[in-house]
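Asker: Dumping the structure here so I can ask a few things about it.
The values are calculated or read from the model by the stated rules, or taken from the named source; none is laboratory data. Computed from a prediction, not measured in an experiment: that's the story for all the values here. Note that we place each Cβ from the backbone using ideal geometry, even for glycine, and neighbour counts take in every protein chain shown.
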Amino acid sequence: MSTQNDIPATTSPVSHTDAAQALVDQTRAMRQQIPNFAIPTSTKETQRLIFNASVPPVFVELSASAVKNSLPLVRGGDADPAQTRDLMNFAEAYGPLADELEALAQFIRHSIIAAKSRAGGQALTTYALAKALAKRPETADLAPHVADMRRALGRTRKAKSQPAPTPAPVPSEPTPVTPPATTSK
């Protein structure tokens, strides 16, 4: 009979930090693969671009066609119709990728909240159990743990304060009391 506990040897898993960093590196590497990728230089740059970016695609196509068919509209390579069309094709093609990445970001944030919720729920269950057990003499040694958890949770109850006594009503100006009239006989 063996007195040794048989614990299966496990390889140490990659830490969550290392796994997350690897995904960050892969995401950043995607930047090199996206043509026309631009990082805003200020917080207001996107707002500045919105006006021109919001013109209808039909309008852009009509202007490209006009430049192609009218020599006076050609401006030194600035409005090359092929380049203009390529920019619109880029915008149309990469819009769904941006949508997918935004959805992925939302799902990751949800997953983070779900993980924190599960861990927090387990911790709150442990806290509730520890509070109940700390009241028993045989498990009173849990009281310091309960106190530490209570402080860390930051949900301590404030001592009930006595309500401020209501001040006695201030007597108004005394009214002179007139003695009752007596009648002489």
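Asker: Every residue in the stretch 52-80 that is assigned to a helix (DSSP H, G or I), of a type outside the set (V, I, T) and over 26 Å from R31 (Cα atoms), please.
Answerer: At the first step, the residues of the stretch 52-80 found to be assigned to a helix (DSSP H, G or I) are 52-53, 57-69, 71-73.
Among the residues that remain, those that are also of a type outside the set (V, I, T) are: 52-53, 57, 59, 61-66, 68-69, 71-73.
Across the stretch 52-80, the qualifying residues are F59, E61, L62, S63, A64, S65, A66, K68, N69, L71, P72, L73.
Asker: Within the stretch 10-36, can you find the residues that are surrounded by fewer than 10 Cβ atoms within 10 Å (Cβ to Cβ), more than 27 Å from R85 (Cα to Cα) and among the small types (G, A, S)?
Answerer: Once the filter is applied, which keeps residues that are surrounded by fewer than 10 Cβ atoms within 10 Å (Cβ to Cβ), more than 27 Å from R85 (Cα to Cα) and among the small types (G, A, S), the stretch 10-36 yields S12, S15.
Condition check ((1) of a type outside the set (G, A, S); (2) modelled with pLDDT of 95 or more; (3) in a helix (DSSP H, G or I); (4) over 28 Å from the mean Cα position of the chain (by Cα)) across all residues:
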residue	(1), (2), (3), (4)
T84	yes, no, yes, yes
L87	yes, no, yes, yes
E92	yes, no, yes, yes
A115	no, no, yes, no
T126	yes, yes, yes, no
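Asker: Kindly indicate which of Q21, Q4, Q33 is at pLDDT below 90 and either touching a His at 6+ places or on another chain (Cβ under 6 Å) or not small (G, A, S) (or both). Please lay out each step first, then the result.
Answerer: Details: Q21 fails: at pLDDT below 90; Q33 fails: at pLDDT below 90.
The unique qualifying residue is Q4.
Asker: Here's something else I'd like to know. List pairs: first residue in the stretch 37-63 and within 17 Å of P81 (Cα to Cα), second residue assigned to a helix (DSSP H, G or I) and among the charged types (D, E, K, R) anywhere in the structure, Cβ distance under 9 angstrom, at least six positions apart or on different chains.
Answerer: Correct list of pairs: P57/E92; V60/R85; E61/R85.
Asker: Kindly indicate whether any position in the stretch 55-63 is small (G, A, S), exposed (fewer than 11 other Cβ atoms within 10 Å of the Cβ) and either under 22 Å from the mean Cα position of the chain (by Cα) or closer than 30 Å to P35 by Cβ (or both).
Answerer: Of all residues in the stretch 55-63, those small (G, A, S) come to 63.
Applying the additional criterion that residues be exposed (fewer than 11 other Cβ atoms within 10 Å of the Cβ) yields none.
No, every residue in the stretch 55-63 fails to be small (G, A, S), exposed (fewer than 11 other Cβ atoms within 10 Å of the Cβ) and either under 22 Å from the mean Cα position of the chain (by Cα) or closer than 30 Å to P35 by Cβ (or both).
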